[in-house]
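J.: This structure is in structure tokens; I'll ask about it shortly.
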Amino acid sequence: MNRYRRLTQISSLILSNCYVLSGLKYCPFPIMNCHACPLAATACGIGALQNFLTIGAFPFLVLGIFILVGSTIGRLLCGWACPFGFFQELLYKIPTNKLTLPQWTGMFKYLVFIVLVVLLPIIIHEPWFCKLCPVGALEAGVPLWLKDDGIRQMIGPLFHAKFLILYSMLYLMMITERPFCRMVCPAGAMLSLFKKISLFRVSGVPDKCIPCSKCIKKCPAGVTPISNDCVMCMNCIGTCRNVRAGSKHSK
């Protein structure tokens with residue numbers, strides 16, 4: 001299963017940043033891949049959501065895509081198609097002393113979504129999550145800084161703050177499992193709301209769960225399938241008889 005997932009992640013990384021498909025640049029997609037990246041083929045769903053909110057327009061298209069994806073496959077794209085999620089998994093393989101994040105840190109991403117993605121764009125008409133997003137710093141900030149002398153001349157405090165956040169995230173990615181997904185990602189926050197109602201899901205049986213941690217050891221996010229932070233990688237399938245994958249009507 002993990003081999004197929006790796007192939008899917010690599011394919012998604014290539015297709016999401018394939019300049020040949022740049023005609024899809026204005027199609028929001030619910031994965032973390034910066035619209036400003038010179039090679040990006042699609043728009044960032046979170047960036048598009050903020051754009052609509054800053055101009056005072058209701059984001060029918062963006063919400064429709066998130067609702068469709070979330071109610072159908074939940075967070076499956078997080079585990080199988082998100083380029084930044086794939087990047088985090090690769091960095092975690094670097095040999096270092098590892099750290100386990102407390103489960104309650106997963107609540108931070110909802111605060112990020114409410115404050116930076118929704119409230120600030122509505123109140124002050126600025127896309128503040130995009131201004132601070134480490135995905136944008138890595139995928140757009142670095143390439144544009146390298147290729148454009150004019151951009152290098154415009155560097156100011158906000159640019160440095162954004163890269164400080166990126167450096168902090170890169171360090172965390174090496175010592176703990178998918179920290180951006182668990183603590184920061186607003187796309188994951190939105191899709192996790194559909195955890196219990198999505199047509200396809202990976203889930204556990206809470207009243208039959210024993211503290212064996214077999215599923216956690218297989219999980220790239222370091223959580224159980226019961227958690228809203230589950231990225232539906234399905235690595236835990238088969239590790240425990242209480243872990244299931246399928247439609248909500250399957251037995």
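The values are calculated or read from the model by the stated rules, or taken from the named source; none is laboratory data. These figures come from a predicted structure and were not determined experimentally. Neighbour counts are summed over all protein chains in view; Cβ atoms, including those assigned to glycine, are modelled from backbone coordinates with ideal geometry.
J.: Of all residues in segment 32-42, which are within 23 Å of residue 119 (Cα to Cα) and surrounded by fewer than 21 Cβ atoms within 10 Å (Cβ to Cβ)?
T.: Within segment 32-42, 36 is the sole residue that qualifies.
J.: Name the residues in segment 214-226 that are part of a loop (DSSP other than H, G, I, E, B) and touching a strand residue (DSSP E or B) at 6+ places or on another chain (Cβ under 9 Å), would you?
T.: 224, 225, 226 - these are the residues of segment 214-226 that are part of a loop (DSSP other than H, G, I, E, B) and touching a strand residue (DSSP E or B) at 6+ places or on another chain (Cβ under 9 Å).
J.: Another question, then. In segment 80-95, how many residues are farther than 15 Å from residue 29 by Cα and not polar (S, T, N, Q)?
T.: Residues in segment 80-95 being farther than 15 Å from residue 29 by Cα and not polar (S, T, N, Q): 9 in total.
J.: Inspect segment 221-231 for any residue being at pLDDT 75 or above and surrounded by fewer than 16 Cβ atoms within 10 Å (Cβ to Cβ) and give the result as yes or no.
T.: no
J.: Quick check on this structure: which one of 85, 56, 47, 74 is within 14 Å of the chain's Cα centre (by Cα) and on the phi > 0 side of the Ramachandran plot?
T.: The conditions single out 74.
J.: Tell me the helices (runs of 4 or more DSSP H) entirely within segment 89-167 that contain at least 3 residues that are exposed (fewer than 12 other Cβ atoms within 10 Å of the Cβ) and modelled with pLDDT under 90.
T.: 149-153
J.: Still on this structure, I have one more. Check off (1) at pLDDT below 95; (2) surrounded by 22 or more Cβ atoms within 10 Å (Cβ to Cβ); (3) over 13 Å from the mean Cα position of the chain (by Cα) for residue 69 and give me the number that stays unchecked.
T.: (1)
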